[in-house]
Amino acid sequence: MTPYKTGDSDIRNWGSYIVTNTEYDQENCIRCEKDITIKSGFMLSIQAHDHREERWMVKSGVLTVVLDGKIIELKEGEEIHIPKGAVHAMANHSASPCLVHEIQTGLCKEEDNHRYWDANNRPVEDASNENIVKSVILGKEIAEKLKKIA
């Protein structure tokens, strides 16, 4: 598994991210900070992580969060904790980009993603419990609404 490094960045169809800070314990990345920009009308995959938790802080815009079968709206200045193992996703229903500062703690590697639903048809795992199923249903409902915005 490849650890994140400060300065890493990527452009995705939903927006982009840049890694702003990393901390290591021997060879493992144990803390990673990212600035994530989600384009208007886009959503990231429904996923969970075995080895890390996350904190999302909205720097600008409005963020729609799927968290363990619930939908939560966050405005600029608000934040949310994503526990290890929680099923979650980010979406942007607003007309302008949403900027989120994410802090990951634990084992921070892209390969720790368990993807259960993805708008971009990437491979997904089976929804193995009621919480995952409910979150995937919500994610699909959000994606349908986002099609009208994008």
- Message: What figure, in Å² to the nearest 10, do you get for the accessible area of M90 with a 1.4 Å probe and non-protein molecules left out?
- Response: 10 Å²
- Item | Potential extension, Q26-K70 segment - 0.36 nm per residue separation minus Cα distance | 12.1 nm
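Using 0.36 nm per residue of separation minus the Cα-Cα distance, give me the extension gain between R122 and K5 in nm, one decimal.
On the way: separation 117, 0.36 × 117 = 42.12 nm, distance 2.39 nm.
Taking 0.36 nm per residue and subtracting the Cα distance, the gain is 39.7 nm.
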- Message: With +1 assigned to the C-beta of every Lys and Arg and -1 to the C-beta of every Asp and Glu, and no other charges, what is the dipole magnitude of the range 57-129 about the Cα centre in debye, to the nearest 20?
- Response: 100 debye
- Under a 10 Å cutoff between Cα atoms, tell me which one of I72, I36, I46 has the largest fluctuation in the Gaussian network model of the chain. I72
- Task: With θ set to phi - 60°, apply the Karplus curve 6.51 cos²θ - 1.76 cosθ + 1.60 along the range 51-61 and write out the HN-Hα couplings as whole Hz, x wherever there is a Gly or Pro.
- Result: 10, 8, 10, 9, 10, 10, 10, 7, 8, 7, x
- Item | Accessible-area order (highest first, 1.4 angstrom probe) of the listed residues D50, D68, D118, D35 | D50, D68, D35, D118
- Of the accessible area of the chain, computed with a 1.4 Å probe and all protein chains kept, carbon and sulfur make up a percent value of 51 percent
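Ranked from the most accessible area to the least, with a 1.4 Å probe and all protein chains present, what is the order of T6, T37, T64? Present the calculation step by step, with values, prior to reporting the outcome.
Working: T6 80, T37 45, T64 0 Å².
So, going from the largest accessible area down, we get T6, T37, T64.
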- For the range 1-86, with only Lys/Arg (+1) and Asp/Glu (-1) charged at the beta-carbon, what is the dipole magnitude about the Cα centre, in debye rounded to 20? 260 debye
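Which whole-number percentage describes the relative contact order of the chain, with Cα contacts under 8 Å and a sequence gap of 6 or more? The partial results should precede the final answer.
On the way: 389 pairs, mean separation 42.4, N = 150.
Across the chain, relative contact order equals 28 percent.
Quick one: if you take sqrt(5λ) for each eigenvalue of the C-alpha gyration tensor of the chain, what semi-axes come out, biggest first, whole angstrom? Don't skip to the end; give the middle numbers.
Working: eigenvalues 104, 69, 37 Å².
In descending order the semi-axes read 23, 19, 14 Å.
Taking only protein heavy atoms into account and a 1.4 Å probe, give the accessible area per residue of the chain in Å². Don't skip to the answer; put the middle values down first.
Values: 7650 Å² over 150 residues.
Solvent-accessible surface per residue comes out at 51 Å².
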- Query: How compact and how long is the range 1-65, expressed as Rg and Dmax of its alpha-carbon atoms in Å?
  - Reply: 12.9, 40
- Roughly how big is the chain's charge dipole about its Cα centre, with Cβ charges of +1 (Lys, Arg) and -1 (Asp, Glu), in debye to the nearest 20? 600 debye
- Message: Can you sort H88, H51 by solvent-accessible area, 1.4 Å probe, largest first?
- Response: H51, H88
- Query: Once Lys and Arg get +1 and Asp and Glu get -1 on their Cβ, which of A119, M57, H81 lies farthest toward the positive end of the dipole of the chain?
  - Reply: A119
- Within the range 1-55, report the GluC sites (Glu not before Pro) that DSSP leaves as loop and that have at most 15 other Cβ atoms within 10 Å. E27
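Once the convex hull of the C-alpha atoms of the range 85-150 is built, how many Å³ does it hold per residue, rounded to a whole number?
For the range 85-150, the hull spanned by Cα atoms encloses 109 Å³ per residue.
So what is the calculated 222 nm ellipticity per residue for the chain, using -39500 (n - 2.57) for each DSSP H run with n of 4 or more, over all residues, to the nearest 500 deg cm²/dmol?
Numbers: 1 runs with 18 residues, N = 150.
Computed mean residue ellipticity for the chain: -4000 deg cm²/dmol.
The values are calculated or read from the model by the stated rules, or taken from the named source; none is laboratory data. It should be emphasised that the depicted structure is a prediction, and the values quoted were computed from it without experimental measurement. Reconstructed Cβ throughout: ideal geometry from the backbone, glycine too, with neighbour counts over all protein chains shown. Protein only, heavy atoms only, side chains kept; ligands, DNA and RNA dropped before computing areas. Shrake-Rupley method; radii C 1.70, N 1.55, O 1.52, S 1.80 Å.
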